[in-house]
Amino acid sequence: MAFEGLGEKLQGVFKKLKGKGKISETDLKAALREVRVALLEADVNYKVVKNFINNINDRAVGQEVLESLTPGQQVVKIVNDELTSLMGGETSKLNMSSKPPTVIMMVGLQGSGKTTSTGKLSNYLKKQGRRPLLVACDIYRPAAIKQLQVLGEQLEMPVFSMGDKTNPVEIAKSALDHAMHYGNDVVLIDTAGRLHIDEELMEELVKVKKIVNPTEILLVVDAMTGQDAVNVAERFNELLDITGVVLTKLDGDTRGGAALSVKAVTGKPIKFVGMGEKLDALEPFHPDRMSSRILG
Ligand code: GDP
């Protein structure tokens, strides 16, 4: 289960604090030191951790928590607030274009769960009464088009493909015409993934972006890869100015670092989380609920 280690450690720290009645500044310092270690062990970016701890310290001292009757609880509340705000504060909804079709570009490295998430997201939107079109723009990995078609069949969702001989920019453009013609109000473009970020891939994504003018560019990252996921997000964001992140495999035993660092490092919110391999295992991301879950 995700965040298990982090949650246990933080809950342990707070239990000690709550048990004390009164808290001295030394107690607070010691507790924050433990929180710091727990976050670093959960693979949270060290700069993010530093900021986070400073914020809590400032608030705890500033609000005269130490003098209050329930200082332990107040510290927990502050940590809960700061954890929520670290992950983006408010739930960040998917933007829809006022002039359909809304175009959503799905980007990410191979294996991140991009194609699966594209299918899941189309399913989520269909349940909300939308008429999505899936577009197969990953022409380099032979199985990718087939994978999207199989997903489309399972979900009873139309899939637009022009095989692997047409370039992705052309495919994307034709897909938009197709959507206009057939009344699809959301177009989800499954772009090419690579093992690593490379120039060619990025150039192609930039070209596709230019031609389709997407409302959303969602970067799919694998939560299990921790700091790497955050580095990937930083790089994609620099080049593509993404609008949000889909964090996958949060059902696994990830330490949680990616979920806690992505927003702070890129400025872009996590919009959805993948909670399993099944096609309905995609959920909107709620920072407040996640924070409460971590803190128990
Ligand atoms: P792509 O190369 O980025 O398109 O990745 P795929 O969509 O093919 O997914 C790679 C693997 O990750 C597949 O086995 C998926 O079933 C799995 N996967 C994707 N999302 C999740 C998730 O949220 N949880 C789990 N447990 N597995 C996932």
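Some points to look at:
- Between Gln73 and Lys18, full extension at 0.36 nm per residue minus the direct alpha carbon distance yields a gain of 19.2 nm.
- In order along region 162-169, the Karplus-derived 3J(HN,Hα) couplings, from 6.51 cos²θ - 1.76 cosθ + 1.60 at θ = phi - 60°, round to 10, x, 10, 9, 8, 7, x, 5 Hz, and Gly and Pro are given as x.
- Look at the Cα gyration tensor of region 127-182: its axes a ≥ b ≥ c give a/c of at least 1.5 with a/b at or below b/c, and that counts as oblate.
- Per atom type, region 165-208 shows carbon and sulfur on 55% of its accessible surface, probed at 1.4 Å.
- Gyration tensor verdict on region 1-67 (Cα atoms; rounded if a/c is under 1.5, prolate if a/b is larger than b/c, oblate otherwise): oblate
- Unit Cα scatterers, Debye sum, region 171-272: log10 I(q)/I(0) for q = 0.10, 0.11, 0.15, 0.20 Å⁻¹: -0.31, -0.37, -0.66, -1.02
- For region 130-275, size of Cβ-based charge dipole, Lys and Arg +1, Asp and Glu -1, in debye: 260 debye
- Net charge in the neighbourhood of Ser292 (other residues with Cβ under 12 Å of its Cβ; Lys, Arg +1, Asp, Glu -1) is +1.
- Most mobile listed residue (Asp138, Asp177, Asp164) in the chain, GNM with C-alpha springs under 10 Å: Asp177
- Gyration tensor verdict on region 105-155 (Cα atoms; rounded if a/c is under 1.5, prolate if a/b is larger than b/c, oblate otherwise): prolate
- Environment charge at Lys114 (Cβ cut-off 13 Å; Lys +1, Arg +1, Asp -1, Glu -1): +1
- Region 85-124 - percent of accessible surface contributed by carbon and sulfur, probe 1.4 Å: 45 percent
- Estimated D of region 78-120 in µm² per second, where Rh is the Kirkwood radius over Cα pairs and Stokes-Einstein applies at 20 °C, 1.002 mPa s: 160 µm²/s
- Whole-number accessible area per residue in Å² for the chain, which is evaluated in the context of all protein chains at 1.4 Å: 47 Å²
- Largest GNM mean-square fluctuation among Ile217, Ile78, Ile242, using the chain with Cα springs under 10 Å: Ile78.
- Cα long-axis angle, helix 71-86 against the chain (0 to 90 degrees, to the nearest 10): 20 degrees
- DSSP-defined antiparallel bridges as percent of all bridges, the chain, nearest 5: 10 percent
- Taking all Cα pairs closer than 8 Å and separated by 6 or more residues, the relative contact order of region 1-109 comes to 29 percent.
- Kirkwood Rh, angstrom, region 87-221 [1 / mean 1/r, Cα pairs]: 14.8 Å
- Net +/- balance of residues flanking Glu204 in space, Cβ distance below 12 Å, scoring K and R +1, D and E -1: -2
- Principal-axis analysis of the Cα atoms of the chain puts helix 25-41 at an angle of about 30° to the longest axis.
- Crossing angle, helix 4-18 versus the chain [Cα axis fit, 0-90 degrees, rounded to tens]: 30 degrees
- Applying 0.36 nm per residue to the separation of Lys210 and Glu64 and subtracting their alpha-carbon distance, the gain on full extension is 47.3 nm.
- All-pairs Cα distance distribution in the chain, expressed in whole percent, bin size 5 Å: 1, 6, 12, 16, 16, 13, 10, 8, 6, 5, 4, 2, 1, 0, 0
The values are calculated or read from the model by the stated rules, or taken from the named source; none is laboratory data. Since the structure is predicted, the reported quantities are computational estimates derived from the model, not experimental observations. Neighbour counts run over all protein chains shown; Cβ positions are idealised from the backbone, glycine included. Heads up: the accessible areas ignore ligands, DNA and RNA and are worked out on the full protein's heavy atoms, side chains in. Shrake-Rupley method; radii C 1.70, N 1.55, O 1.52, S 1.80 Å.
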